[in-house]
1. For the list (1) out of contact with any Gly (no Cβ under 6 Å at 6 or more places or on another chain); (2) more than 23 Å from Ala117 (Cβ to Cβ), I need the number of the one condition that Ser82 fails.
2. Quick one: in segment 132-154, which of the residues that are farther than 22 Å from Leu120 by Cβ and open to solvent by less than 70 Å² (accessible area, probe 1.4 Å) is farthest from the chain's Cα centre (by Cα)?
3. Regarding Gly45, is this residue at positive phi, among the small types (Gly, Ala, Ser), open to solvent by less than 60 Å² (accessible area, probe 1.4 Å) and out of contact with any Leu (no Cβ under 8 Å at 6 or more places or on another chain)?
4. Among the residues of segment 68-96, which ones are within 11 Å of Thr49 (Cα to Cα) and part of a helix (DSSP H, G or I)?
5. Could you tell me whether segment 115-135 includes any residue that is touching a residue at least 24 places away in the same chain (Cβ under 8 Å), in contact with a Gly (Cβ under 8 Å, 6 or more places away or on another chain) and farther than 17 Å from Leu12 by Cβ?
6. Looking at segment 87-104, I want the residues that are charged (D, E, K, R) and have a partner that is open to solvent by 20 Å² or more (accessible area, probe 1.4 Å) and in a helix (DSSP H, G or I) with Cβ atoms under 8 Å, at least 6 apart or on another chain. Which pairs are those?
7. Return the residue satisfying two criteria in turn: it lies in segment 85-96 and is touching a Ser or Thr at 6+ places or on another chain (Cβ under 8 Å), hydrophobic (A, V, I, L, M, F, W, C) and within 17 Å of Ile16 (Cα to Cα), and of such residues it is surrounded by the fewest Cβ atoms within 10 Å (Cβ to Cβ).
8. Can you work out which of the residues in segment 163-182 that are open to solvent by less than 30 Å² (accessible area, probe 1.4 Å) and not hydroxyl-bearing (Ser, Thr, Tyr) is nearest to Ser137 (Cα to Cα)?
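The values are calculated or read from the model by the stated rules, or taken from the named source; none is laboratory data. Computed from a predicted structure; not experimentally measured. In this analysis, Cβ positions are derived from the backbone assuming ideal geometry, glycine residues included, and neighbour counts consider all displayed protein chains. SASA here: full protein model, heavy atoms, side chains in, ligands and nucleic acids out. Shrake-Rupley method; radii C 1.70, N 1.55, O 1.52, S 1.80 Å.
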Amino acid sequence: YLRLNWLDHPPLAGVINALFVVHRGGTVFEDATTSIIRKPLVLSGVLTTLMVFLLANYFFGFTTGMLSSILYTFSPTVFFGSRAGQAENYYIPMTLVSLYFLLHFFRQFKSRYLIMAGLLAGLTCLFKLTGLYFLVSSCCMIIIQSRLQSKSNSFILTTLGYFLFSSLPVVALFITYGFAISPSTFLQVFMGNTQRGFLLGPEIFYFILKS
């Protein structure tokens, strides 16, 4: 990712893995050994487990938080999947941390929590395009939670404005990255992904509205 330009997916997961390889003196793909690649994955796994505990503790208390984190850690799918250099292993902790900040915003109503939630929500789109799902879901959560707390329409619009103002510029970095390399190639690859049936392109908005 540091020497070649890949436009099939957002670049951040590949960049993080590549930086660890370069730090250890690697220059080619063959230098990306398993022992090196797994180091950032261990860190992301620890962060994910911590966030599972914090979120479960937030909703259900300390005991449930501990049980949730233990069950998550030793789940076979998580245990083996977290060893692979996949974007999901970075995407998941970013969504959980963003959600945690958003929950704290609705408890304390401090703008810094909302801005951090927006920045991290935007960051998920630099790991996987399905981060757009999380972005839309977060906006829906803001609206629903505001209604449950009987907030005014102006509060909802202001909150959405802060959140989107924080997240959308980060999402735009992927578009800037693609256009800086090759606008025509970026658009061809992006539109080509829409034919794969995995909701990787702009048709995800259609399916969001449809469902």
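1. (1)
2. So, considering only residues that are farther than 22 Å from Leu120 by Cβ and open to solvent by less than 70 Å² (accessible area, probe 1.4 Å), the one farthest from the chain's Cα centre (by Cα) is Ser152.
3. No: the conditions fail for Gly45.
4. Ser68, Ser69, Ile70, Leu71, Tyr72, Thr73, Val78, Ile92, Pro93, Leu96 - these are the residues of segment 68-96 that are within 11 Å of Thr49 (Cα to Cα) and part of a helix (DSSP H, G or I).
5. No, the conditions are met nowhere in segment 115-135.
6. Partner pairs satisfying both residue conditions: Glu88/Gly81.
7. Here the answer is Ile92.
8. Of everything passing the filter in segment 163-182, Phe163 is nearest to Ser137 (Cα to Cα).
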